[in-house]
Every structure is written in structure tokens, then in C-alpha cells.
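First up is the structure itself, then whatever we jot down about it.
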Amino acid sequence: MQVFLDNIVFTIQRTGGVSVYWYELLSGMCRSNLPVSFLNAHPGSANIFEQKIDYQLFPCIRESSIPSKYLRYLPLRYKLPPAAVFHGGYLRISPQKDVLNILTVHDFAHERKLASRFPRSLANTVQKAYGIKRADGIICISDSTRQELLHFYPATDPARIKVIHHGIADDFFPVDKSRMQTPVWPHPMKGPYVLYVGARSRYKNFAIAIEVMEQLPPQYQLVITGGEPWSPQELQTLNNRLHGRYHILSAVSTVQLNLLYNYAFCLLYPSVYEGFGFPPGEAMKAGCVVVTTNRTAMPEIVGTAGLLVNEATATAFTEKIRLLENENFRQQLIQAGLQQAARFTWQQSVQATIRFYQDCWHSKFSR
């Protein structure tokens, strides 16, 4: 069973959740005994995850001279050997009938009109529909995504679908605060801080995070990291409404992010739509309480180990955060979060993916 992995996703993103998933999957596949080849490898890529891959150890194939910005929307143009496994990093499949096509579906934000606008949204939905129709096996990263797939494409055979959760990297863990002084951040933290991680636009609901801070007592600070570049208007809004109470850490290392989780009063994650949601998982694994919504994949990932609101309003989030002022209750949630996060490992995810390859391969070629 030869496996061909399409790395074109690394040309689409510099970083991001799909890149994390694909890098971790590649890393696990490279440690397996399967014969693995890469398509569309870019050793000089700007993607921070692709930069970690040693392509000299594996066969690398240039699929086509078509620029990646167009190739990403096309079916695979390289002829694979019969009975090969093709797994596309981002919605692509092979038109060959004698190969096994595996497709990973992350979410349906475009179908929900929550992501990019026309014409990119149309291109994404058409490509996804084509892939879902033609794939021999479909991986959904959460049961929430599986339910949405069957909602938008009810003719899909459920037997072709497998839910395989992401893992949470071992880079996130509780530090021993008794042996470590409070880190010196670029800005002094005068009180407990609420942490916000990731993108801020649209369904991520960063505007609600600002309202929450306005409702919390003034000793609470807001620390924001990650996400898209800040616009002057965004910065002006922050300064007007949370003057002296917010801190932006635009680029932090994984080590620094782990410390941010460790010392935060809580992670506030007001997003109402997630295929999986890495920050809540990372936070729990680092010993940080998660306050988020009871929407899409969040109850599946956080479970009862965090505080979930049914309505994404500032008042609802504020009420949950104030509950954490009871230190005993907060510590109970921290311990529950550690146990919950331990359920998600990349080793389990990769092993489940390989088993899915094998099951689909035998179903198609061993008749």
C-alpha cells in the first residue's frame, strides 16, 4: 500500500489549523513503516510547519508546472500507480479510478457563509462537493463536522465517513509555578488576565471579548495573541474601550504560548463555529480553564471540563468567568481539563488514520 500525500496546503497557509494537522499527520506517517511519497513539496516554503520537514528522506514529486494558487483548485494531475492511496492536504482528490482517495473535511464554514466571500467561497464549496462525491473514504475532524457533512450532502454513505479527532501537541503542559517566577511579559500584568488566542474576525466574536472585559472588574486584564494583522480601527477601538487594560502579543513562540496559558485566569474563546478548535484543547492541556460556547465542536472537545455558554453574549461569558473567582471550583476545572485534553493525542490520530487507509483499501481492492 503506497501512500501519496499532497502538501499543497503549505502553499495556501503560512500557519493555521489545517497546516498543524497536515504537519502532524506527515510526521506520524514518516515514522510508520508505510512507503510514503510527497507531492508538491516546497523546501523553501514560508509555511512554518513545512520548514521543519526533512524532504531529503522521502521521494518528492512535482505534480505540475501550474502555479500552486491555481493547482490547489484542480484534481490531482499526476498519474499514480494502481492501488495507491492518495490523501490530499486540502480538499484535492485524484480522478483515477484505480487509486484510493482519502479526503479530510475540516468544517463547513463556507457553506454556512461564515468564511471568505465570493468567488473564493464558491470555489471552496464546489471543490469540496466534488471531493465528497468522489472520495473512497472521508475523514471528519469532529462528530460535529460529520453531522454537518450529512446535513449538506445527505446522499453521502455514512459508512465512508470516519471521525478522527486532532491531537493536542505535547508542547502544552502545566509548569511548576512553585519553582518558576512569573514570566516577565513585554507589558506588566497588574492583575489576573483573560487570554484570547487566534483570529478575531466574524464568527470568532472578538467584539464580544471586548464587551466582556468592560463588564469585568477593572483589575482584569485582556491578553491577545495570534490572529490576523491589526487594523488601525481595531487598535483605536481597543484603546478607547479598554485603555490600559489590554496587551497585544502578536507573535509568540510555542514555549511562550504555553506560559500564557499557564498563568492566565482563563481562556476566553467566544467563537460560535469550529471544526475542532485548537486553543481550547491547548489551554486545557496547559492547565488553563476554558470559557467558550456550547456550539459545534466545542462541547465535543471541552466536554464538562470547561464553562460553556448557550448564548454567545457578553453577559453570559462574564457570569461564567466570575464563577472562577471561587479558587476551589477553578482548580477542579483545571484538573478536569487536564484529563479531558489527555484524550486527544497525535499518536492516536495518526494510528486511526492509517487504520482507515487500510480498511478503505481492503474494501476497494480486496474484493
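All of the numbers you see were taken from the coordinates with simple rules; none came from a lab. What you see is a predicted model; the values in this text were computed from it and never measured. A quick note on method: Cβ atoms are made from the backbone with ideal geometry, for glycine too, and the neighbour counts reach across all protein chains shown.
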CD proxy, 222 nm, the chain: helix-only mean residue ellipticity via -39,500 (n - 2.57) per DSSP H run with n ≥ 4, per residue, nearest 500, stands at -11000 deg cm²/dmol
Filtered trypsin sites (Lys or Arg not before Pro), the range 115-173: DSSP coil and at most 13 other beta carbons within 10 Å | R117
Let me know the whole percent of all Cα-Cα pairs from the range 177-341 that are separated by more than 28 Å.
-> 13
Answer in debye to the nearest 20: the dipole magnitude of the chain about its Cα centre, from +1 Lys/Arg and -1 Asp/Glu charges placed on Cβ, is 840
Unit charges on C-beta of K, R, D, E only; dipole of the range 147-243, Debye | 120
For K79, the lysines lying under 27 Å Cα to Cα, once residues fewer than eight places off in the same chain are dropped, come out as K69, K97, K128, K133, K162, K364
Cα-projected label distance for Q358 with T315, points at 7 Å along beta-carbon direction, nm = 5.5
Stretch in the chain that is longest and holds no GluC sites (Glu not before Pro) that DSSP places in a loop and that have at most 15 other beta carbons within 10 Å | 1-310
Of the candidates V9, I168, L308, the farthest towards the positive dipole end of the chain (Lys/Arg Cβ +1, Asp/Glu Cβ -1, centred on the Cα centre) is V9
Under 1.5 on a/c is rounded, so check that first for the range 291-331, then, if it is not, pick prolate when a/b is larger than b/c and oblate when it is not; a ≥ b ≥ c are the square roots of the alpha carbon gyration tensor eigenvalues.
-> oblate
5 angstrom amide H check on I93, placed H, neighbours 5+ away = L76
Note, ³J(HN,Hα) from phi for the range 51-56, Karplus 6.51, -1.76, 1.60, rounded to Hz, x at Gly and Pro = 4, 8, 8, 8, 6, 5
Unit charges on C-beta of K, R, D, E only; dipole of the range 177-341, Debye | 300
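Relative contact order for the range 177-341: what percent, with Cα pairs under 8 Å and sequence separation of 6 or more?
Over the range 177-341, the number comes to 22 percent.
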Looking at the chain, what % of the alpha carbon pairs are farther apart than 25 Å?
-> 56
Once phi is turned into ³J(HN,Hα) by the Karplus curve 6.51 cos²θ - 1.76 cosθ + 1.60 with θ = phi - 60°, what whole-Hz value does each residue of the range 199-209 show in order, with x for glycine and proline?
-> 5, 10, 7, 6, 5, 6, 6, 4, 4, 5, 4
In whole Hz, with x marking every Gly and Pro, tabulate ³J(HN,Hα) for the range 128-133 from phi via Karplus 6.51 cos²θ - 1.76 cosθ + 1.60, θ = phi - 60°.
-> 5, 4, 4, x, 4, 5
Distance in Å, no decimals, from the C-alpha centre of the range 294-354 to the one of the range 53-86 is 38
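Take a quick pass over the range 177-341 and tell me how many lysine pairs come in under 23 angstrom between Cα atoms, counting only ones 8 or more apart or on separate chains.
For the range 177-341, qualifying lysine pairs total 6.
If you rank V85, V3 by fewest surrounding Cβ atoms within 10 Å, what's the result?
So the residues, fewest neighbours to most, are V3, V85.
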Let me have the relative contact order for the chain, percent, based on Cα pairs under 8 Å that are six or more residues apart.
-> 15
